[in-house]
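In what follows, a structure is listed as structure tokens, so that the remarks can point back to it.
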Amino acid sequence: MPKIRVSFIVNQEPVEILAEPWQTLMDALRENLRLTGTKEGCGNGNCGACTVMLNGKAIDSCCMLAAEAEGQNVTTVEGLANGEQLDPLQQAFIDFGALQCGFCTPGFLVSARAFLNENPNPSEQDIRFAIAGNLCRCTGYDKIVRAIQHVADSGH
Amino acid sequence: MKAFSFTAPTTIKEMNEILANVTTPGEIHPIVGGTDLIEQVKTGRRSPSIVMDIKQIPEMNRLEWVSGEGLHLGAAVSCTDTAAFPLVQESYESIKESCGLIGSVQIQNRASIVGNIANSAPSADSVPSGLVHEASVVLIGPSGTRTIPLEDFFTGPGRNVSKPNEVVLEIILPPPPNNSSSHYLRFIPRNEMDIAVAGVATLLSLAPGSRTCTKARIALASVGPIPVRAKAAETFLEGKDLTNDIIEKAAETAVESASPITDVRGSIEYRKNLVKVLTENTLRMCLNSLNQNL
């Protein structure tokens with residue numbers, strides 16, 4: 001099966017890859033582009049560890065083919081910081097201890113960033129529903145919710 | 001994942017030329033959100049030779065109200081975009097509620113209502129809502145289009161009437177009846193991100209300024225091999241002045257249309273009780289929306 005040439009934008013840079021037709025966007029990001037911040041957890045859309053933004057909206061990159069990304073705009077966790085300046089969410093996750101092993105953290109950060117961009121003044125319940133597609137097995141979620149709430153309350 | 005080739009036609013004509021070469025069931029599979037399909041290919045439940053992305057075709061992205069016809073909802077319109085459409089929020093409340101229950105935000109941003117229908121799971125959250133709104137399904141292929149009622153679309157778990165060389169173009173939701181409201185509830189053991197143990201959508205239309213039911217539609221998910229209408233309960237409600245007793249009797253009658261199995265999600269008895277509770281609750285939600293609380 002011939003590989004497919006796919007041109008798209010990743011973290012504001014144009015990229016071009018050769019993808020297998022059955023390769024997921026997640027695998028293309030990790031293997032072709034070496035953007036290993038995007039993690040594979042369940043591989044079937046339950047855990048959200050592979051969350052990236054597609055045209056500004058959070059999606060599971062394990063449930064999308066790389067070939068479908070042609071012409072699209074993708075943001076991974078590597079695209080959240082501005083140079084050395086962390087995204088306020090990244091800083092808040094550090095400050096609030098909102099991670100333990102850290103495997104789910106990239107997915108939470110991307111989900112939370114997409115959510116706050118569209119909902120700058122969320123309630124706690126809004127936040128909990130927005131991150132319902134991201135599973136964490138060690139923090140117990142409260143610190144994650146508090147970190148996101150803090151960023152929202154400080155207007156970032 | 002099993003190897004397949006990928007194609008992304010940009011016009012209906014181009015898509016039909018690809019479909020014209022298809023002879024074997026399952027040989028080609030359309031992809032919209034991919035949130036069911038990719039997992040099914042990974043686990044070997046489906047093994048298409050060709051995966052065809054239909055999102056580049058303008059007609060698949062149609063979300064348009066046509067006077068006299070209703071709402072055209074194209075195959076590629078995401079749950080998120082469907083739920084955000086003002087007319088869906090105003091006139092098709094149960095559809096909006098279903099959109100917010102299918103998987104997570106990440107899933108809703110990719111998955112479409114048509115994909116949920118075409119995947120044909122008995123637990124599909126959008127189907128009861130489509131049934132109470134009397135949706136029709138438009139299939140398209142090399143031999144043209146055909147339109148069939150959603151009620152006649154399903155043939156079994158994961159199966160429907162579409163031919164190997166047909167794809168769903170869109171569903172059409174007719175204009176809702178006057179002075180009507182619809183709601184969908186499902187029961188899951190968690191708060192989010194689960195598959196319905198049972199799901200119920202209802203639609204009620206009342207005579208103006210009264211509690212006289214002029215039309216009732218009730219549809220059930222996850223309590224049979226395919227989603228079903230609870231027609232005996234609908235007939236029972238129509239023409240009656242709704243009271244607490246009538247609502248409770250209708251909910252009990254709806255259970256007669258359920259033929260659930262016992263599985264890991266729930267027992268037969270539990271699911272039947274859920275149908276009763278969810279039917280009663282959605283009927284009360286409709287009355288509430290119509291300012292006719294009991």
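The values are calculated or read from the model by the stated rules, or taken from the named source; none is laboratory data. Predicted, not measured: the structure shown is a model, and the values here were computed from it. Backbone-built Cβ (ideal geometry, glycine too); neighbour counts: all protein chains shown. Just so you know, the surface numbers come from the protein's heavy atoms only, side chains and all, with ligands and any DNA or RNA stripped out. Shrake-Rupley method; radii C 1.70, N 1.55, O 1.52, S 1.80 Å.
Computed values, structure above
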{"read-out": "Matching strands (runs of 3 or more DSSP E) fully within the range B:105-163 where at least 2 residues are touching a helix residue (DSSP H, G or I) at 6+ places or on another chain (Cβ under 7 Å) and away from chain A (no Cβ under 14 Å)", "value": "B:136-141"}
{"read-out": "Whichever residue in the range A:56-72 is open to solvent by 10 Å² or more (accessible area, probe 1.4 Å) and more than 7 Å from chain B (Cβ to nearest Cβ) and, among such residues, is nearest to B:ALA3 (Cα to Cα)", "value": "A:GLU70"}
{"read-out": "Residue list for the range B:214-229, filter: crowded, with 24+ Cβ neighbours inside 10 Å and of a type in the set (A, V, I, L, M, F, W, C)", "value": "B:ALA216, B:ILE218, B:ALA219, B:LEU220, B:ALA221, B:VAL223"}
{"read-out": "Cβ pairs under 7 Å, 6+ apart, first in the range A:36-55 and away from chain B (no Cβ under 11 Å), second polar (S, T, N, Q) and open to solvent by less than 40 Å² (accessible area, probe 1.4 Å)", "value": "A:GLY37/A:THR76; A:THR38/A:SER61; A:THR38/A:THR76"}
{"read-out": "Lone unmet requirement of (1) within 13 Å of chain A (Cβ to nearest Cβ); (2) touching a helix residue (DSSP H, G or I) at 6+ places or on another chain (Cβ under 8 Å); (3) without any contact (Cβ under 8 Å) to a residue 60 or more places away in the chain for B:TRP65", "value": "(1)"}
{"read-out": "Residue, surrounded by the fewest Cβ atoms within 10 Å (Cβ to Cβ), within the range B:248-294, restricted to residues that are assigned to a helix (DSSP H, G or I) and basic (Lys, Arg)", "value": "B:LYS249"}
{"read-out": "Total residues in the range B:255-294, condition without any contact (Cβ under 8 Å) to a residue 60 or more places away in the chain, under 12 Å from B:GLY224 (Cα atoms) and basic (Lys, Arg)", "value": "1"}
{"read-out": "Flag for A:ALA112 being in contact with a His (Cβ under 6 Å, 6 or more places away or on another chain), farther than 25 Å from A:ILE4 by Cα, crowded, with 24+ Cβ neighbours inside 10 Å and touching a residue at least 24 places away in the same chain (Cβ under 8 Å)", "value": "no"}
{"read-out": "Matching residues in the range B:81-122 - criterion: being within 14 Å of the chain's Cα centre (by Cα), open to solvent by 20 Å² or more (accessible area, probe 1.4 Å) and more than 28 Å from A:VAL110 (Cα to Cα)", "value": "B:GLU93, B:ALA118, B:ASN119, B:ALA121, B:PRO122"}
{"read-out": "Within the range A:22-55, tally of residues that are in contact with a Pro (Cβ under 8 Å, 6 or more places away or on another chain) and open to solvent by less than 30 Å² (accessible area, probe 1.4 Å)", "value": "4"}
{"read-out": "Qualifying positions in the range B:25-65 - open to solvent by 30 Å² or more (accessible area, probe 1.4 Å) and not in a loop (DSSP other than H, G, I, E, B)", "value": "B:HIS29, B:PRO30, B:GLU39, B:LYS42, B:ILE50, B:PRO58, B:GLU59, B:ASN61, B:LEU63, B:GLU64, B:TRP65"}
{"read-out": "When residues of the range A:94-115 are limited to those that are outside any loop (DSSP other than H, G, I, E, B) and over 17 Å from A:GLY48 (Cα atoms), the one nearest to the chain's Cα centre (by Cα)", "value": "A:ILE94"}
{"read-out": "Criterion (in contact (Cβ under 8 Å) with a residue 12 or more places away in the chain, touching a helix residue (DSSP H, G or I) at 6+ places or on another chain (Cβ under 6 Å) and of a type in the set (Phe, Trp, Tyr)) met by exactly one of A:PHE103, A:PHE96", "value": "A:PHE96"}
